[in-house]
Amino acid sequence: MPRLNPLNLLLLFAYLATVSLVAWGVYRYREEARRGLASPQVQEKWQDWVDDVRTQQATEEPSDRGPVARRVPRSPIPPIYVLMEDHFVKMLISAIVTASVLFGLLVFAIRGALAPVKLPENLAANDPQEPA
């Protein structure tokens, strides 16, 4: 097990700070989305869009709709609200895992860059730069 030297302690605190900031950011984004989507204007725009899709599907022929057909949403609320309410824990876990992997790669690169170079003994003995 690695010892807790100053570099390891620094990296541990940096990791805890990174994970805390990621969790706080995801939670804050959720709260902002909740506040923004709770307004009647947003609900009205969402309902207008759903009504527009229903009208478009009822009046146009399939060949006039373009290459991608819009489907009428089944949910009466916007998809981002469903994502923030029903799948928040999954989003939080995936954000923390992604941040952890990126932090681990960064630590790996930093440790590799700071590691002392150790030459094998047979190369060190035959070093041509040393005067004979």
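Considering only residues that are of a type in the set (Phe, Trp, Tyr) and either exposed (fewer than 10 other Cβ atoms within 10 Å of the Cβ) or touching a residue at least 60 places away in the same chain (Cβ under 8 Å) (or both), look in the stretch 14-39 and name the one that is nearest to residue 95 (Cα to Cα). Step through it out loud before you land on a result.
Narrowing the stretch 14-39 to residues of a type in the set (Phe, Trp, Tyr): 15, 24, 27, 29.
When the remaining residues are screened for being either exposed (fewer than 10 other Cβ atoms within 10 Å of the Cβ) or touching a residue at least 60 places away in the same chain (Cβ under 8 Å) (or both), the result is 15, 27.
Working: 15: 14, 27: 11 Å.
Of everything passing the filter in the stretch 14-39, 27 is nearest to residue 95 (Cα to Cα).
Sort through 42, 19 and tell me the only one that's modelled with pLDDT under 90 and either assigned to a loop (DSSP other than H, G, I, E, B) or of a type in the set (A, V, I, L, M, F, W, C) (or both).
Result of the check over 42, 19: 42.
Residues in the stretch 1-16 that are in contact with a helix residue (DSSP H, G or I) (Cβ under 9 Å, 6 or more places away or on another chain) and either outside any helix (DSSP H, G or I) or under 16 Å from residue 85 (Cα atoms) (or both): how many?
2
Report, ordered by the first and then the second residue, all pairs with beta carbons closer than 7 Å, sequence separation of six or more or different chains, a first member in the stretch 90-111 that is farther than 23 Å from residue 6 by Cβ, and a second member that is in a helix (DSSP H, G or I) and among the small types (Gly, Ala, Ser).
92/23; 96/23
Identify, please: which residue in the stretch 48-91 is polar (S, T, N, Q) and either over 30 Å from residue 26 (Cβ atoms) or part of a helix (DSSP H, G or I) (or both) and is, among those, modelled with the lowest pLDDT?
Among those residues, the one meeting the criterion is 63.
The values are calculated or read from the model by the stated rules, or taken from the named source; none is laboratory data. What you are looking at is a predicted structure, and each value in this text was computed from that prediction instead of being measured. Every residue, glycine among them, receives a Cβ derived from its backbone with ideal geometry; neighbour counts consider all protein chains shown.
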